[in-house]
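Trainee: Attaching a single structure in structure tokens format; questions to follow.
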Amino acid sequence: MADRTYLELPFLDDAHRTLECELDAWCTQSLHSIDHADTDRACRQLVRALGQDGWLRYCVPASYGGALPALDSRALCVVRETLARHDGLADFAFAMQGLGSGAITLAGDDALRERYLPRVARGEAIAAFALSEPEAGSDVAAMQCRATLSADGSHYVLDGTKTWISNGGIADFYCVFARTGEAGGDQRGSRGITAFVIDADTPGLSIAERIDVIAPHPLATLRFDGCRVPVAQRLGEAGQGFKVAMMTLDIFRASVAAAALGFGRAALDDALARATSRDMFGGKLADLQLTQAAIGDMATAIDAAALLTYRAAWLRDVRQVRTTREAAMAKMVATENAQQVIDRAVQIFGGLGVKVGTRVERLYREIRALRIYEGATEVQKLIIARETLQAFAHSEAPTRRPA
């Protein structure tokens, strides 16, 4: 039985506690029927199920079919932690509906929001976020994909490549970021990048490659070859795409930490069950002091990550301040700690821990990507240092800026 004492933290409201209870019951009843043998099919089924039963409504604002007036970071974290504890692919399906449509929520006009967000909430359209490129992953400002405005100003023509795109190949639309040249002749830097929402069947957009990874989920390289996109599909102002991307990641980065918590809690549950039932040296594995030390470290690592995660979400929701620094701390600590927790769980299981099909073996594969995507651990350290140094330079103490 997972430890749910984190729900008593003052960062959460009764509505969040009810949400966790109801979603946990839904997961127990509904997720067992999803066959993961075909990953694409499973993701489509998960999006449809999550949409039909109302959970995807937490990915969009109420005015477009959502559950709450605005995106609530704490609700996103509670949902992701709960789903991840039950099924990593279910967490992935939920997360990508939020991340893939987040730029539309933040920067889309009313027409774009009305066109896409209700379908996202109902699970009728699969979303994707296309930011990374072969030479622009952690270094987003190195982006080379270009969007050229037509002579009559009616559309953009996109040329270039995006890669490591989650939901690539199954998405109905992509939020795409491309260099539009407002920075003049500069081919690097964060200026001059613009965001667009592009339907998957748009001529000139193709799937160049499907990518297989250790924890299977839909992933692909996209190619744009003379892809014509109406100006009406632009998200926000021209040249403001980098800001849109960072705003989107700031919201959803804390939820990555929450997913890591879900994985870590599942691993600790299994480790406790194994340690207390495994006969060893005339007693149980849990009687050994080395095992107890490992369990102590695991429990503490999870609680420390939970405090950072829900602090970041609370600051954004309640204080309504920019949480770039706090979300980076949460993402870094939660993913790194979960990796250590799961590794120790595998060790407690011994040979069974590396047997394909056991949950700890699956968790071992699933956690690894979280230390990379939406900003690798090394990037989070740079973000934390930059924000801390800037705060010190201005006032010699951390300051809060509006979200």
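Trainee: Beyond 17 Å, how much of the Cα-Cα pair distribution for segment 1-126 remains, as a whole percent?
Mentor: Roughly 55 percent, rounded to a whole number.
Trainee: Next question. If the only charges are +1 at each Lys and Arg Cβ and -1 at each Asp and Glu Cβ, what is the size of the charge dipole of segment 147-300 around the Cα centre, to the nearest 20 debye?
Mentor: Approximately 220 debye in magnitude.
Trainee: A further question follows. What length, rounded to one decimal in nm, is gained on full extension from Ala208 through to Gln289, with 0.36 nm per residue of separation minus their alpha-carbon distance?
Mentor: Gain in length upon complete extension: 23.9 nm.
Trainee: Just to verify a number: FRET efficiency for Gln320 and Val354, C-beta to C-beta distance, R0 = 45 Å, to 0.05?
Mentor: Step by step, r from the Cβ atoms, then E = 0.45.
Trainee: Here is a follow-up. Rounding to the nearest 10 and keeping the result within 0 to 90°, find how far the Cα-based axis of helix 324-349 lies from the longest principal axis of the chain.
Mentor: Tilt of helix 324-349: around 40 degrees.
Trainee: Per residue and in cubic angstrom, what volume does the convex hull of the Cα atoms of the chain have?
Mentor: Residue-normalised Cα hull volume stands at 140 Å³.
Trainee: When N counts the residues of segment 145-275, how does its alpha-carbon radius of gyration compare numerically with 2.2 N^0.38 Å, as a ratio?
Mentor: Dividing the Cα radius of gyration by 2.2 N^0.38 Å gives 1.32.
Trainee: For Glu336, Glu182, what ranking results if the residue with the fewest other Cβ atoms within 10 Å of its Cβ goes first?
Mentor: The most exposed by this proxy come first: Glu182, Glu336.
Trainee: If you rank Val321, Val176 by fewest surrounding Cβ atoms within 10 Å, what's the result?
Mentor: By the 10 Å Cβ count, ascending: Val321, Val176.
Trainee: May I have the pair-distance distribution P(r) for segment 137-180, computed from all Cα-Cα distances with 10 Å bins from 0 and rounded to whole percent?
Mentor: Reading upward from the zero bin: 24, 46, 27, 3.
Trainee: A further question follows. Would you mind ranking Ser73, Ser33, Ser138 so that the residue whose beta carbon has the fewest other beta carbons within 10 Å leads the list?
Mentor: Ascending number of Cβ neighbours within 10 Å: Ser33, Ser138, Ser73.
Trainee: Give, in nm to one decimal, the length gained when the segment between Asp199 and Asp279 is fully stretched (0.36 nm per residue of separation minus the Cα-Cα distance).
Mentor: This chain segment gains 23.1 nm when fully extended.
Trainee: Could you tell me the convex hull volume per residue, in Å³, taken over the Cα atoms of segment 314-383?
Mentor: 92
Trainee: Rule-of-thumb check for segment 246-403: C-alpha Rg over 2.2 N^0.38 Å?
Mentor: For segment 246-403, the normalised Cα radius of gyration is 1.20.
Trainee: If I model segment 185-339 as equal point scatterers sitting on the Cα atoms and use the Debye formula, what is log10 I(q)/I(0) at q = 0.13, 0.17 Å⁻¹?
Mentor: Here log10 of I(q) over I(0) equals -0.86, -1.10.
Trainee: Taking only Cα atoms and a 10 Å spring cutoff, compute GNM fluctuations for the chain and point out the largest among Ala245, Ala327, Ala273.
Mentor: The residue that fluctuates most here is Ala273.
Trainee: To the nearest 10 degrees, how steep is helix 359-368 against the longest Cα principal axis of the chain, on a 0 to 90 scale?
Mentor: Rounded to the nearest ten degrees, it is 40.
Trainee: While we're here: Compute the long axis of helix 289-314 from its Cα atoms, compare it with the longest principal axis of the Cα atoms of the chain, and write down the angle in degrees, 0 to 90, nearest 10.
Mentor: 30
Trainee: In segment 1-87, what GluC sites (Glu not before Pro) fall in a loop by DSSP, with at most 16 other Cβ atoms inside 10 Å?
Mentor: Nothing satisfies the criteria.
Trainee: Given the DSSP H assignment, sum -39500 (n - 2.57) over each helix run of at least 4 residues in the chain and divide by its residue total; what's the result at 222 nm in deg cm²/dmol, nearest 500?
Mentor: Theoretical 222 nm ellipticity from helices: -16500 deg cm²/dmol.
Rule-based calculations on the coordinates, nothing more; no lab input. These numbers were taken from a predicted model, which means no experiment stands behind them. Glycine also receives a Cβ, built like all others from the backbone with ideal geometry; neighbour counts cover every protein chain displayed.
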